[in-house]
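Just below is one structure, and these are the notes that go with it.
The values are calculated or read from the model by the stated rules, or taken from the named source; none is laboratory data. What you see is a predicted model, and the numbers here were worked out from it, not measured in a lab. Don't worry about glycine lacking a Cβ; one is built from the backbone with ideal geometry, like all the others, and counts go over all protein chains shown.
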Amino acid sequence: MKNQFILKNIVAIIICLINIWWTYDNAYLLYCYHFKSVFYFSMYPDWVLVVNSLIGLLGLISGILVINGKIKLWIAITFNLLIWTLGLLIK
């Protein structure tokens with residue numbers, strides 16, 4: 001029983017870390033587009049970066065809810081796979 005609890009928390013922390021990276025990557029790219037004087041050959045529209053940042057925040061919230069025991073792990077994994085797929089399709 002304790003091993004399942006530890007495994008659940010480890011997977012939830014991994015989900016949180018992936019979503020933190022996803023949010024940071026998109027928010028930093030949006031920042032670079034507007035405030036750095038670097039020329040990019042191709043650029044994503046702002047709405048794509050904002051939506052992907054919000055997707056990362058939703059995934060982070062789902063990971064935190066798993067750690068707090070509010071939702072089950074399989075629901076969070078399914079939700080994160082769906083939103084990551086949506087984010088990749090948008091990008």
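Tabulated data
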quantity	calculated
When residues of region 15-30 are limited to those that are of a type in the set (A, V, I, L, M) and in contact (Cβ under 8 Å) with a residue 12 or more places away in the chain, the one surrounded by the most Cβ atoms within 10 Å (Cβ to Cβ)	Ile15
In region 36-52, residue nearest to Leu81 (Cα to Cα) [restricted to those that are of a type in the set (S, T, N, Q) and surrounded by fewer than 10 Cβ atoms within 10 Å (Cβ to Cβ)]	Ser42
Failed item in (1) exposed (fewer than 13 other Cβ atoms within 10 Å of the Cβ); (2) among the aliphatic types (A, V, I, L, M); (3) under 10 Å from the mean Cα position of the chain (by Cα), with Leu82 passing the rest	(3)
Some residue of region 53-75 being in contact (Cβ under 8 Å) with a residue 60 or more places away in the chain, surrounded by 15 or more Cβ atoms within 10 Å (Cβ to Cβ) and among the small types (Gly, Ala, Ser)	no
So Tyr33, is it part of a loop (DSSP other than H, G, I, E, B) and surrounded by 14 or more Cβ atoms within 10 Å (Cβ to Cβ)	no
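Residues are listed down the side, and each one gets a yes or a no for (1) at pLDDT below 95; (2) of a type in the set (Ser, Thr, Tyr):
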residue: Tyr24; (1), (2): no, yes
residue: Ser37; (1), (2): yes, yes
residue: Phe41; (1), (2): yes, no
residue: Tyr44; (1), (2): yes, yes
residue: Ile61; (1), (2): no, no
residue: Asn68; (1), (2): yes, no
residue: Leu73; (1), (2): yes, no
residue: Leu82; (1), (2): no, no
residue: Leu88; (1), (2): yes, no
